[in-house]
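J.: So that we are looking at the same thing, I have put the structure below in structure tokens.
The values are calculated or read from the model by the stated rules, or taken from the named source; none is laboratory data. None of the values given here were measured: they were computed from a predicted structure. Using ideal geometry, Cβ is built from the backbone for each residue, glycine included, and neighbour counts are taken over all protein chains shown.
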């Protein structure tokens, strides 16, 4: 099943270990790969950020 697919212009932060254009939806979406710590800090801040910045 699918959790959800990104539309054009949407942004995602993923803790998966791989990515390629269109893998998580539209080829016009932006997917950033990160560690779990960066993902948690970014969820708290509401934007992609380093854990030391929270």
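J.: Report the residue count in segment 17-37 for those that are more than 9 Å from the chain's Cα centre (by Cα), more than 18 Å from residue 50 (Cβ to Cβ) and either modelled with pLDDT of 90 or more or surrounded by 10 or more Cβ atoms within 10 Å (Cβ to Cβ) (or both). Spell out the reasoning first.
T.: Keep residues of segment 17-37 that are more than 9 Å from the chain's Cα centre (by Cα), which gives 17-29, 35-37.
Filter again for more than 18 Å from residue 50 (Cβ to Cβ), leaving 17-29.
Among the residues that remain, those that are also either modelled with pLDDT of 90 or more or surrounded by 10 or more Cβ atoms within 10 Å (Cβ to Cβ) (or both) are: 19, 21-29.
Counting residues in segment 17-37 that are more than 9 Å from the chain's Cα centre (by Cα), more than 18 Å from residue 50 (Cβ to Cβ) and either modelled with pLDDT of 90 or more or surrounded by 10 or more Cβ atoms within 10 Å (Cβ to Cβ) (or both) gives 10.
J.: Could you check, for segment 42-50, whether at least one of its residues is on the phi > 0 side of the Ramachandran plot and part of a loop (DSSP other than H, G, I, E, B)?
T.: Let us first name the residues in segment 42-50 that are on the phi > 0 side of the Ramachandran plot, namely 46.
Right, trim to part of a loop (DSSP other than H, G, I, E, B) and you get 46.
Within segment 42-50 (the criterion being on the phi > 0 side of the Ramachandran plot and part of a loop (DSSP other than H, G, I, E, B)), the answer is yes, since at least one residue qualifies.
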